[in-house]
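**Q** This is the structure, below, for whatever I ask next.
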Amino acid sequence: MSVAGQILRKQLVKKGSDITVFEKNETHYYQPGFTMLSGGLLGSKEEDVVKASAGLLYRPVESVFDEQINIVRDEVGEFDPKQNKVITKAGKSYTYDYLIVACGNKLRYDLIEGAVDALNDPESSVGSMYDFTYAKKINQLRAKFNGGKIIATQAPMPIKCAGAPQKWVNLCEESMRVKGIRSACDIHFYTALPAMFGVKKYSDELYRLATSKHIHAHFEYDVQKVDHQRKKVYLKKIGPKSTKNEVVIESFDLLHLVPPQRPHDFVAKAAFCNDAGYVDVNKHTLQSTRFSNVFALGDCSSLPTSRTAAAVFSQSPILVYYLERQMLIDAKTTTSTSTATPITTTVAYDGYTSCPIFVGDKKLMLAEFLYDGQVSETFARFVDQRTPTTYFYYLKRYVFPHVYWNYVPLAQWFGRNGFNPPHFFLQTPSLSSGHQALHKSH
Ligand SMILES: Cc1cc2nc3c(=O)[nH]c(=O)nc-3n(C[C@H](O)[C@H](O)[C@H](O)COP(=O)(O)OP(=O)(O)OC[C@H]3O[C@@H](n4cnc5c(N)ncnc54)[C@H](O)[C@@H]3O)c2cc1C
């Protein structure tokens with residue numbers, strides 16, 4: 001919706017149905033809010049959660065797209081970039097001049113033996129905030145918990161918002177303290193990462209905070225199997241120091257699972273994807289490395305940065321800039337270009353992403369960084385952002401959801417730039433040949 005809104009604001013398409021969005025769902029979810037739901041910030045009673053979720057966590061798809069956008073409520077089944085075609089599961093074929101792929105990734109609970117049965121069993125003590133239904137379940141389990149062993153996991157990368165799994169752990173720990181049963185709870189966090197977080201500056205502090213709250217962190221473990229009847233979870237040791245069959249079997253009274261995440265099958269088999277199944281794009285321009293009229297952003301792209309909505313907000317204006325540039329190039333040439341456009345030194349996606357990590361007690365650490373984990377903090381003038389603050393908590397709890405629903409669809413919100421569009425957004429892209437390529441490869 002972020003890109004669609006910006007294309008309209010820049011008037012890159014004529015009024016009518018020149019811009020078509022394929023969306024299989026009737027509902028658009030604000031996934032960053034699932035942490036708040038599962039951690040109890042929207043309430044613990046079911047009726048409170050139902051009331052708080054409507055509007056905050058989900059809205060009808062139509063409400064996030066301008067009425068000038070043509071919405072096709074059908075599931076895309078195939079891309080044929082050589083013929084410029086999108087083919088839906090229902091078998092209908094649509095041609096395009098330009099294609100933007102933004103279909104996210106797929107939650108693969110099925111890759112953990114027993115996980116789907118465990119999650120779907122209303123009597124089991126297993127939930128997961130990555131899915132709306134399972135997030136509601138884990139919230140109820142957390143609220144009713146009376147003490148015992150809590151196990152939380154984190155699947156191997158790439159996953160959406162790599163800091164999210166420990167947000168739940170921190171909010172859960174806080175709620176046990178508030179209930180006065182903390183000493184009756186033994187909390188363990190098993191992560192596939194070799195540290196708490198991918199950026200050392202934040203990771204060290206997160207580890208210190210977890211340890212100070214007696215949350216036991218275990219690194220380089222991947223969940224293999226869940227036996228919810230016997231309340232056992234099987235965790236395989238991974239990483240360079242692991243031996244082949246080293247599996248830890250933990251018993252649990254409450255289990256929070258994070259699913260492995262993979263590209264959608266219909267994306268992975270398209271000719272514009274890399275071997276891992278992600279849309280292969282130039283990491284600075286978001287343009288396909290193989291088809292000049294194809295672009296991608298967000299979780300389905302090959303961009304080597306942490307997968308977050310915050311990253312998408314920084315990617316969108318860059319994508320729109322290079323889309324417009326390609327349109328201008330194509331308008332000038334009669335034959336279509338098969339090579340990607342050169343990139344300018346000033347307009348380039350730098351990998352910006354952000355992870356707002358709840359640490360409990362109405363405090364939040366706002367991690368912000370670029371490619372290669374280079375720290376880039378918006379509020380550095382005021383605070384070292386490894387320090388959790390109440391101000392960041394309120395930003396995440398109230399401001400971010402509000403701008404997501406109200407200003408992103410109208411192309412009035414530009415992530416870390418706030419309401420100010422980046423300098424290049426309102427310019428017409430330059431086509432002069434003097435552009436210096438930042439990187440030859442993507
Ligand atoms: C628990 C959790 C916590 C998170 N916390 C944060 C956070 O604090 N901050 C942050 O910035 N980000 C956070 N994220 C990550 C963020 O939500 C994602 O990175 C972001 O939504 C990615 O956007 P996207 O457009 O790439 O994919 P999505 O938002 O997943 O959108 C993909 C769309 O494609 C549609 N689609 C899929 N397949 C098809 C098909 N075959 N045909 C038609 N349509 C299809 C889907 O229905 C969906 O609407 C969190 C995510 C989760 C799950």
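Values in this text are rule-based calculations from the coordinates and carry no lab data. Predicted model, so just to flag it, every value in this text is computed and none were measured. Positions of Cβ are backbone-derived with ideal geometry, glycine not excepted, and every protein chain shown enters the neighbour counts.
**Q** Taking only DSSP H segments of four or more residues, each worth -39500 (n - 2.57), what value at 222 nm results for the chain once the sum is divided by all its residues, to the nearest 500 deg cm²/dmol?
**A** Computed mean residue ellipticity for the chain: -7000 deg cm²/dmol.
**Q** Next question. Report ³J(HN,Hα) in whole Hz for each residue of region 314-330, in order, from the Karplus equation J = 6.51 cos²θ - 1.76 cosθ + 1.60 where θ = phi - 60°; Gly and Pro get x.
**A** Values, residue by residue: 7, 6, 4, x, 5, 4, 5, 4, 6, 5, 4, 4, 5, 4, 5, 4, 5 Hz.
**Q** While we're on this one: Taking the chain as the reference, fit the longest principal axis to its C-alpha atoms, fit the long axis of helix 132-144 to the helix C-alpha atoms, and give the angle between the two in degrees, 0 to 90, nearest 10.
**A** For 132-144 against the chain, the angle is about 20 degrees.
**Q** Express the relative contact order of region 80-183 as a whole percentage, based on alpha carbon pairs under 8 Å and six or more residues apart in sequence.
**A** 11 percent
**Q** If amide H atoms are built 1.01 Å from N in the plane of the peptide, which residues on other chains or at least 5 residues away come under 5 Å of the amide H of PHE424?
**A** Here nothing satisfies the definition.
**Q** Still on this structure, please answer the following. Which residue fluctuates most in the GNM of the chain (Cα springs below 10 Å): ALA192, ALA268, ALA184?
**A** Sorting by GNM fluctuation, first place goes to ALA184.
**Q** Between GLY114 and residues 5 or more places away or on another chain, which pairs have amide H atoms under 5 Å apart, with H built 1.01 Å from N, and which residues are they?
**A** VAL226
**Q** At most 15 other C-beta atoms within 10 Å and a DSSP loop state: those are the exposed GluC sites (Glu not before Pro) I care about. Give me the longest piece of the chain that has none.
**A** The reported range is 247-442.
**Q** From Cα pairs below 8 angstrom and at least 6 apart in sequence, can you work out the relative contact order of region 109-260, rounded to a whole percent?
**A** Reported as a whole number, the value is 33 percent.
**Q** To continue, here is another question. Provide, in order from the shortest bin, the percent of all Cα-Cα pairs of region 223-334 in each 5 Å bin, continuing until the bin that contains the maximum pair distance.
**A** Cα pair-distance distribution for region 223-334, in percent: 2, 10, 15, 14, 12, 11, 11, 9, 7, 4, 3, 2, 1, 0.
**Q** For region 254-406, what is the convex hull (Cα atoms) projected area averaged across all directions, in square nanometres?
**A** The number I arrive at for region 254-406 is 12.5 nm².
**Q** For region 1-153, take N as its residue count and report Rg(C-alpha) divided by 2.2 N^0.38 Å.
**A** Dividing the Cα radius of gyration by 2.2 N^0.38 Å gives 1.31.
**Q** Using θ = phi - 60° and the Karplus form 6.51 cos²θ - 1.76 cosθ + 1.60, what ³J(HN,Hα) does each residue of region 195-205 get, whole Hz, x for Gly and Pro?
**A** 8, 5, 7, x, 10, 4, 3, 7, 4, 4, 6
**Q** Okay, next question. The chain: longest stretch without exposed trypsin sites (Lys or Arg not before Pro) (DSSP loop, at most 11 other Cβ within 10 Å), sites themselves excluded?
**A** 93-229
**Q** Now, a different point. Specify the inter-centroid distance of region 179-251 and region 273-331, based on alpha-carbon positions, in whole Å.
**A** Each part's Cα centre sits 34 Å from the other's.
**Q** Counting pairwise Cα distances across region 109-260, what percent come out greater than 18 angstrom?
**A** The share of Cα pairs beyond 18 Å in region 109-260 comes to 54 percent.
**Q** Figure the gain on full extension for ALA380 and TYR394 (residue separation times 0.36 nm, minus the Cα-Cα span) and round it to one decimal in nm.
**A** 3.3 nm
**Q** Using alpha-carbon pairs under 8 Å, 6+ residues apart, how would you state the relative contact order of the chain in percent?
**A** Rounded, it is 17 percent for the chain.
**Q** Output ³J(HN,Hα) for region 294-302: one whole-Hz value per residue in order, computed from phi by the Karplus curve 6.51 cos²θ - 1.76 cosθ + 1.60 with θ = phi - 60°, and x for Gly and Pro.
**A** 10, 9, 8, 8, x, 5, 8, 8, 7
**Q** Also: So, in region 1-126, how many Lys pairs have Cα atoms under 30 Å apart, if the pair is 8 or more places apart or on different chains?
**A** Lysine pairs meeting the criterion: 27.
**Q** Can you run the Rg to Rh ratio on the chain? Use alpha carbon positions and the Kirkwood inverse-distance Rh.
**A** Reported Rg/Rh, Kirkwood definition of Rh: 0.97.
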